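Peer 1: Got a structure for you, written out below as structure tokens; questions coming shortly.
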Ligand code: NAD
């Protein structure tokens, strides 16, 4: 039986990935600091531990893992990444995890690690026009990410590719763009935009108001987690394409449009109230030319379809939490 390791299996994408690998017949070991908050892990074995500990990393890697996915990172939504208060932790924790996992895999003879980098590596100077951001892979340099989270990702993607060049590894690097879907963080400050908006809409009374950070004209694209996993597996299993490559949607919307879409799904009319908040770049969209060329595949699911299932799941979470608070 083929064996896979998923680091960060207690998180949003790692949880979905463990399920997909199980469905494909893999034996899966999941590793995380914590259990998954929203479901029972699909992994055959779930090890709780800290990947900042090099000894722990060596203990969880085995030579017969044919696929290793390194998704663990200290991360969160804009409120966590852009406040500046968490920069040292973000950089130290995530870089240490990546250094340790590369060392452990090399040491055990595992040749291929999938690494999830981020669209946050792209230079802020190419993302000032909300209608026309440039996020083609080649535009990453001269580097100027707008957060320390992005700088750590850029360092780590270079580290994985350096191990390919110097140690004959075949690591794969993807740059994820705003992944969303059910069973992700939806409150508490580390949630991303689609989850935060779904929660706010689900919690609001019809004809009420919804608070939006900034003027809402900043643009983004959002990729449903199922397509994120599909792209990740295709990259991991591609014959010789190491990346970095974008895994994202190229259906760009403004945050105001995203709010309108969620309101339509919910059947609510809400008044948008624009408030100050951490924002990130002005515009961002996935450029899917390279993935289409190299993998013969690119995400194509309409945003609206993914939002429907995500809204429905978050509305349920809001209802469960409201009813727990009143009992
Ligand atoms: P997540 O926060 O839900 O999952 C990350 C997991 O890593 C968490 O469960 C966390 O507990 C675990 N972790 C953190 N530090 C650890 C440590 N020291 N030891 C063991 N486990 C540790 O995030 P996600 O949305 O599932 O993202 C997965 C990966 O994809 C991350 O590397 C992230 O940077 C990258 N990414 C995500 C997005 C997105 O939109 N979700 C976008 C770009 C890149």
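Peer 1: Could you give the radius of gyration (one decimal) and Dmax (whole number) of the Cα atoms in the range 78-153, in Å?
Peer 2: In Å, with Rg to one decimal and Dmax whole: 14.9, 47.
Peer 1: As a test of the definition: which semi-axes, in Å, follow for the range 33-180 when you take the square root of five times each eigenvalue of its alpha carbon gyration tensor? Largest first, please. The partial results should precede the final answer.
Peer 2: Numbers: eigenvalues 151, 73, 39 Å².
After diagonalising the Cα gyration tensor, the semi-axes are 27, 19, 14 Å.
Peer 1: Considering only DSSP beta bridges where both residues belong to the chain, give the percentage that are antiparallel (nearest 5). The partial results should precede the final answer.
Peer 2: Working: 2 of 35 bridges.
Counting only bridges with both partners in the chain, antiparallel ones make up about 5 percent.
Peer 1: Hey, another quick one. Please identify, among 184, 248, 208, the residue showing maximal mean-square fluctuation in a Gaussian network model of the chain using a 10 angstrom Cα cutoff.
Peer 2: 208
Peer 1: Over the alpha-carbon set of the range 172-327, work out the extent along each principal axis and list the three values in angstrom, largest first.
Peer 2: 55, 34, 25
Peer 1: If I histogram all Cα-Cα distances within the range 240-295 using bins 5 Å wide from 0, what percent of pairs lands in each bin?
Peer 2: 4, 14, 17, 17, 14, 13, 9, 7, 4, 1, 0
Peer 1: I'd like the per residue volume of the convex hull spanned by the Cα atoms of the range 101-244, given in cubic angstrom. Spell out each step's value before the answer.
Peer 2: Values: hull volume 20.9 nm³, N = 144.
Spread over its residues, the Cα hull of the range 101-244 gives 145 Å³ apiece.
Peer 1: Would you mind putting 25-35, 289-299 in packing order, based on average other-beta-carbon counts within 10 Å, highest first? Mind showing how you got there, number by number?
Peer 2: On the way: 25-35: 19.2, 289-299: 16.5.
The densest-packed peptide leads the list: 25-35, 289-299.
Peer 1: With only alpha-carbon atoms in the gyration tensor, what are the semi-axes of the equivalent ellipsoid for the range 1-59, in Å, largest first? If you can, show how the numbers build up before the last one.
Peer 2: Numbers: eigenvalues 66, 39, 12 Å².
One finds semi-axes of 18, 14, 8 Å for the range 1-59.
Peer 1: How many percent of all Cα-Cα pairs in the range 180-264 sit more than 21 Å apart?
Peer 2: On the way: 1458 of 3570 pairs.
Here the tail beyond 21 Å accounts for 41 percent of pairs.
Peer 1: Let me ask something additional. How high is the relative contact order of the range 70-181, in percent, counting Cα pairs under 8 Å that sit 6 or more residues apart? Provide the component values of the computation, followed by the final result.
Peer 2: Details: 144 pairs, mean separation 36.7, N = 112.
It comes to 33 percent, rounded to a whole number.
Peer 1: Ok, one more. Order by neighbour count: 165, 284, 304, fewest other Cβ atoms within 10 Å first, most last. Walk me through the numbers on the way to the answer.
Peer 2: Working: 165 9, 284 23, 304 13.
Ranking 165, 284, 304 by Cβ neighbours within 10 Å, fewest first, gives 165, 304, 284.
Peer 1: Could I ask something else about it? Please order 115, 80, 125 by the number of other Cβ within 10 Å, starting at the fewest. List each step's numbers first, then the result.
Peer 2: Working: 115 26, 80 20, 125 12.
Ascending Cβ contact count within 10 Å gives the list 125, 80, 115.
Peer 1: Could you please tell me the mean projected area of the C-alpha convex hull for the chain, averaged over all directions and given in square nanometres to one decimal?
Peer 2: Numbers: hull surface 65.6 nm².
That works out to 16.4 nm².
Peer 1: If you don't mind, another one. Among 141, 122, 311, what is the fewest-to-most ranking by other Cβ atoms within 10 Å?
Peer 2: On the way: 141 9, 122 28, 311 23.
Fewest-to-most Cβ neighbours within 10 Å comes out as 141, 311, 122.
Peer 1: Right, something else. Which whole-number percent is the relative contact order of the range 140-288 (Cα, under 8 Å, 6+ apart)?
Peer 2: Details: 213 pairs, mean separation 47.0, N = 149.
This gives 32 percent for the range 140-288.
Peer 1: Would you work out the relative contact order for the chain, in percent, from Cα pairs under 8 angstrom that are 6 or more residues apart? Kindly include the intermediate steps, with their values, before the conclusion.
Peer 2: On the way: 683 pairs, mean separation 57.7, N = 327.
Value for the chain: 18 percent.
Peer 1: Have a look at 99, 235, 71 and tell me which one the Gaussian network model of the chain (Cα, springs below 10 Å) gives the largest fluctuation.
Peer 2: With Cα springs under 10 Å in the chain, the top fluctuation among 99, 235, 71 is at 99.
Peer 1: Angle between the Cα long axis of helix 87-108 and the longest principal axis of the chain, 0 to 90 degrees, nearest 10?
Peer 2: Rounded to the nearest ten degrees, it is 30.
Peer 1: Once you've got the GNM for the chain with C-alpha springs shorter than 10 Å, pick whichever of 194, 302, 133 has the biggest mean-square fluctuation.
Peer 2: Greatest mean-square fluctuation among the candidates belongs to 302.
Every number in this text was worked out from the coordinates using simple rules, so none of it is lab data. Treat the numbers as computed from the prediction; the structure is a model and nothing was measured. Glycine gets a Cβ as well: all are built from the backbone with ideal geometry, and neighbour counts include every protein chain shown.
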